[in-house]
Amino acid sequence: MEQHIQQAIKERRSIREFSEKSVELELLHKIIFAGIWAPSGLNNQPWRFVTIQDDEISARLAPLTHYAHIVEAAPALIAVYLDQEKMYDSVKDHQAAGACIQNMLLAAHELGLGAVWLGQILKNKEQVNGVLQLSDQYDLMAVVALGYPLHRNQQSQRLPLADFILHEFGGTAP
């Protein structure tokens, strides 16, 4: 199902309720592939990933976030990390991680999956690394919960464009 980028950006929603249908590993790889094509400073590509489709691991991760019910119900999780040995500028690399995650969310939407970016779990990133058997070389940026959506009736609104623009210097009127 091909979509134009602007349409996908406007239609994508955070999906928190999933069917029990498992997610094919090939689709998870396509989502990660989209993530790694995000821009990064000096093209350092500092991101790394852990895919989780194991109920026992999910059950161990769930208590580490207020969103335990989402972690437990999601057929798949992708933990997104920055490899601190590949980083060169904290701000740029964290921005790159955000771009990576956004690419992943858009790819999931395009593939007919639902996804939600979970950030509150970062308060327990050391424990997450313990569960996932990773050293502190890897800095957790998010866990993305994925699956086939139970429904797509989520609504969202944005303020008018003019509310966001502080100044416009030059240019031509439409």
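The values are calculated or read from the model by the stated rules, or taken from the named source; none is laboratory data. None of the values given here were measured: they were computed from a predicted structure. Reconstructed Cβ throughout: ideal geometry from the backbone, glycine too, with neighbour counts over all protein chains shown. We work out accessible area using only protein heavy atoms, side chains counted, and drop any ligands, DNA or RNA first. Shrake-Rupley method; radii C 1.70, N 1.55, O 1.52, S 1.80 Å.
Taking every DSSP beta bridge with both residues inside the chain, roughly what % is antiparallel (nearest 5)? The antiparallel fraction comes to roughly 95 percent.
Probe radius 1.4 Å, ligands and nucleic acids ignored: give me the carbon and sulfur share of the accessible area of the stretch 1-112 as a rounded percent. All intermediate terms of the calculation are to be shown ahead of the outcome.
Details: 3290 of 6410 Å².
Ligands and nucleic acids excluded, carbon and sulfur give 51 percent.
Once the 1.4 Å probe is applied to the protein heavy atoms, the chain comes out at 62 Å² accessible per residue. Taking a ≥ b ≥ c as the square roots of the eigenvalues of the Cα gyration tensor, the stretch 66-152 is oblate, since a/c reaches 1.5 or more and a/b is not larger than b/c. Within the assembled protein chains, the solvent-accessible surface assigned to His167 is about 140 Å², based on a 1.4 Å probe.
How long are the three semi-axes of the equivalent ellipsoid of the stretch 1-78, in whole Å, if each is the root of 5 times an eigenvalue of the C-alpha gyration tensor, listed from largest down?
Details: eigenvalues 122, 66, 34 Å².
Over the Cα atoms of the stretch 1-78, the semi-axes work out to 25, 18, 13 Å.
Label-to-label distance for Ala68 and Phe164 is 3.6 nm, based on points extended 7 Å past Cα in the beta-carbon direction. Distance between the 7 Å Cα→Cβ label points at Leu27 and Lys86: 2.5 nm. Three principal axis extents of the stretch 38-112 based on alpha-carbon atoms, in descending order, are 38, 28, 19 Å.
Across Glu20, Glu85, Glu110, mean-square fluctuation computed from a Gaussian network of the chain (C-alpha pairs under 10 Å connected) peaks at Glu85. Between helix 25-36 and the chain there is an angle of about 50 degrees, using the helix long axis and the longest principal axis of the Cα atoms. Going by a ≥ b ≥ c, the root eigenvalues of the Cα gyration tensor, does the stretch 108-165 fall in the rounded group (a/c under 1.5), the prolate group (a/b larger than b/c) or the oblate group? Oblate shape, in that a/c is at least 1.5 and b/c is the bigger or equal ratio.
Can you give the extra length, in nm with one decimal, that the chain gains between Ile36 and Gln120 once fully stretched, where that is 0.36 nm per residue apart less the Cα-Cα distance?
Numbers: separation 84, 0.36 × 84 = 30.24 nm, distance 2.29 nm.
Extra length available between Ile36 and Gln120 comes to 27.9 nm.
For the pair Asn153 and Ile5, the difference between a 0.36 nm per residue extended length and the Cα-Cα distance amounts to 51.2 nm. Taking Arg48, Arg16, Arg158 and ordering them by how much accessible surface each has at a 1.4 Å probe, largest first, produces Arg158, Arg16, Arg48.
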